[in-house]
Amino acid sequence: MIRKSVSDPHDHLFYLERPLALDHFKPHPDAEFIDLSPNGCQATLLDKFWKMIEAGKEPVIGQNGLMSVGTQTDRGVFQCETGGTSGKPKRIRRSAESWLASIRVISQKYTNSSACYGILGDLRHSLAFYAAVEAQIIGNRCVSVVGRSPKEQAHQFARARVDVIYATPTQMRLLAKSRQALKCVQVVFIGGGRLDPETRERVESLAPNAKVLQFYGAAETSFITLAEPHHDAASVGIAFPGVEIDIRNSNRDGIGEVWVKSPYVFSGYAMGQSNDTCWQDGWLTIGEMGKIDSSGQLFLSGRKSRAFTAADKTIFPEDIEQYLNAKPEVIASAVFPVDDPLRGARIYVALCSDQTDGDHPQRILGVLKERGVIVDRWRLYGLDEWPMLVSGKPNYQEIVSTALEGAWQKL
């Protein structure tokens with residue numbers, strides 16, 4: 001049984017060298033941030049962050065924007081908030097070096113000929129913020145189009161000749177609806193959710209000359225794995241350079257807790273905590289479950305904290321959401337349990353779609369029933385109604401709070 005996966009040792013030694021240009025956590029003189037958001041606040045936020053870092057303060061970037069904890073720290077220490085998908089966001093503290101280490105890998109292996117980054121998300125979310133920081137440090141232009149329509153976003157990316165995009169699967173599904181061809185794009189990094197084959201096909205049509213790369217990680221861990229086009233579509237790829245992965249306490253199917261050791265992990269929580277997050281002898285787990293195959297590819301089952309039992313079956317909501325999100329009518333989905341004294345839980349499904357007419361929800365959920373997943377109730381949201389966090393992920397707390405309302409339909 002395969003338990004451990006380690007990135008290629010030659011990759012580790014070569015890509016973790018320290019080029020002088022990246023030794024300092026500050027913008028390169030050639031860097032340019034182009035803020036095309038409706039309120040123009042993204043550039044202001046980024047500028048204030050760098051000024052705080054230079055002043056020796058500890059910036060906090062999160063849903064409320066940017067603030068300082070008001071303490072003097074070692075230069076380059078900062079805080080980011082977790083996505084807060086299912087609860088109150090936690091603040092994580094990390095060092096500049098934890099990001100510089102991955103920036104060295106990416107800039108040398110994947111984006112060394114790039115000139116312009118494109119980001120779709122708000123800088124208050126760590127994925128978009130990381131992308132902006134990466135572009136600034138290596139000296140590229142970076143275009144932010146958060147808050148614009150998919151058609152306008154694609155138009156601005158084409159106009160700026162964006163060649164690298166960082167985005168979530170949901171953001172790319174929306175951008176693909178522009179039906180434009182972004183021929184200048186060379187690399188698309190997709191994280192913050194599972195990339196299904198159907199969404200990958202949409203991205204490849206949108207950016208026909210791009211290499212589509214899926215990365216898996218979390219705010220606490222940063223990069224854990226990277227999947228290139230030749231990897232198994234059901235996996236999240238192999239260990240990112242410099243990362244070790246260990247599967248512990250596995251069951252007879254090889255599924256166990258995912259533990260990682262890497263130079264990219266956070267230093268600790270500055271506010272809040274998670275019962276699933278544990279450290280042991282330099283190894284870290286955040287409660288993700290998965291298995292590794294003989295090729296070193298990681299296959300995820302889901303978070304322990306989200307799994308539940310329905311009719312004596314263990315349900316990982318992420319598996320159902322991945323199936324739903326692959327449907328062309330679906331932009332995003334949220335699956336959650338409602339307690340039931342007989343079955344343990346009833347399965348509720350919320351769908352986001354720009355097609356609110358027709359019977360496609362019943363049809364899609366009917367196929368789930370044939371697969372043995374019995375959905376009890378469902379609700380269809382229009383794109384403008386969908387409860388969404390700054391991260392672009394579903395606001396589960398808000399969705400779950402409506403479970404007893406009449407808008408939910410019996411399947």
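The values are calculated or read from the model by the stated rules, or taken from the named source; none is laboratory data. Given the structure is predicted, the values throughout are model-derived calculations rather than measurements. Positions of Cβ are backbone-derived with ideal geometry, glycine not excepted, and every protein chain shown enters the neighbour counts.
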Exercise for review: Kindly check whether there is at least one residue in segment 248-255 that is outside the structural domain of P229 (by TED's automatic domain parsing), modelled with pLDDT of 95 or more and not charged (D, E, K, R).
Suggested key: no
Within segment 245-285, the residues that are within 17 Å of W99 (Cβ to Cβ) and not aromatic (F, W, Y) are V260, S262, P263, V265, S267, G268, A270, L284
Given the criteria charged (D, E, K, R), over 23 Å from C80 (Cα atoms) and surrounded by 23 or more Cβ atoms within 10 Å (Cβ to Cβ), does D196 qualify? no
Filter segment 355-396 for residues that are part of a helix (DSSP H, G or I) and within 21 Å of P169 (Cβ to Cβ); the one that is modelled with the lowest pLDDT is H360
In segment 116-139, residues that are more than 13 Å from D35 (Cα to Cα) and assigned to a loop (DSSP other than H, G, I, E, B) total 3
Checklist entry - Can you find even one residue in segment 328-350 that is more than 18 Å from N395 (Cα to Cα) and among the hydroxyl-bearing types (S, T, Y)? => result no
For segment 341-356, the count of residues that are farther than 14 Å from W386 by Cβ and in contact (Cβ under 8 Å) with a residue 24 or more places away in the chain equals 6
Inspect all residues belonging to segment 91-114 and state whether any of them is part of a strand (DSSP E or B), of a type in the set (A, V, I, L, M) and either touching a residue at least 24 places away in the same chain (Cβ under 8 Å) or touching a strand residue (DSSP E or B) at 6+ places or on another chain (Cβ under 6 Å) (or both).
-> yes
By residue number, the members of segment 151-187 that are outside any loop (DSSP other than H, G, I, E, B) and surrounded by fewer than 19 Cβ atoms within 10 Å (Cβ to Cβ) are K151, E152, H155, Q156, A158, R159
Residues of segment 28-44 being buried (at least 18 other Cβ atoms within 10 Å of the Cβ), touching a helix residue (DSSP H, G or I) at 6+ places or on another chain (Cβ under 7 Å) and not aliphatic (A, V, I, L, M), in sequence order, are F33, D35
For segment 354-396 the number of residues that are within 23 Å of N64 (Cα to Cα) and surrounded by 15 or more Cβ atoms within 10 Å (Cβ to Cβ) is 11
**OP:** Could you tell me whether N209 is at pLDDT 95 or above and assigned to a loop (DSSP other than H, G, I, E, B)?
**Re:** yes
The number of residues in segment 247-275 that are under 17 Å from F316 (Cα atoms) and surrounded by fewer than 15 Cβ atoms within 10 Å (Cβ to Cβ) is 2
